[in-house]
1. Can you tell me which residues in the range 1-33 are open to solvent by 70 Å² or more (accessible area, probe 1.4 Å) and within 20 Å of A47 (Cβ to Cβ)?
2. Taking the range 37-48 only, how many residues are open to solvent by less than 90 Å² (accessible area, probe 1.4 Å) and touching a helix residue (DSSP H, G or I) at 6+ places or on another chain (Cβ under 7 Å)?
3. Take T19 and decide whether it is at negative phi and free of Cβ contacts under 8 Å to residues at least 24 places away in the same chain.
4. Taking into account only those residues within the range 29-70 that are outside any loop (DSSP other than H, G, I, E, B) and among the charged types (D, E, K, R), which is farthest from the chain's Cα centre (by Cα)?
5. Which members of the range 53-71 meet the condition of being open to solvent by less than 60 Å² (accessible area, probe 1.4 Å) and in contact with a Leu (Cβ under 9 Å, 6 or more places away or on another chain)?
6. Exactly one of these conditions fails for A80: (1) open to solvent by 90 Å² or more (accessible area, probe 1.4 Å); (2) at pLDDT 85 or above. Give me its number.
Amino acid sequence: MALIRKAKAELEAQAQERTKEQEAAQKAREREEQKTGKNKRGPKPKAINQEVDSEAKANLTDPESRIMKTRKGFIQGYNAQTVVSQD
């Protein structure tokens, strides 16, 4: 039960982060339009949605892995990256 609650809380936190990003994009667009006095071209930002997506999923056995697209379809995997320094 604790894993499920933790995963649900993480999905809710991600939804809140998306909401903040949408609000920031909307405010930046409004500031730019007021600054220039012209409407920006292109689609306006979507309406702010504060709910968790009904299609959102969390991996309870390995939260570090993600669903990734490959040439053969989708797999549950990792995006491995390495960093090298002089030391």
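The values are calculated or read from the model by the stated rules, or taken from the named source; none is laboratory data. In this text, all values refer to a predicted model and were calculated from it rather than measured experimentally. Don't worry about glycine lacking a Cβ; one is built from the backbone with ideal geometry, like all the others, and counts go over all protein chains shown. The area values use the complete protein model at the heavy-atom level, side chains included, leaving out ligands, DNA and RNA. Shrake-Rupley method; radii C 1.70, N 1.55, O 1.52, S 1.80 Å.
1. Matches in the range 1-33: E12, Q14, Q16, E17, R18, K20, E21, K27, E30, R31, E32.
2. 2
3. no
4. Per the stated criteria, the residue is K35.
5. A56, A58
6. (2)
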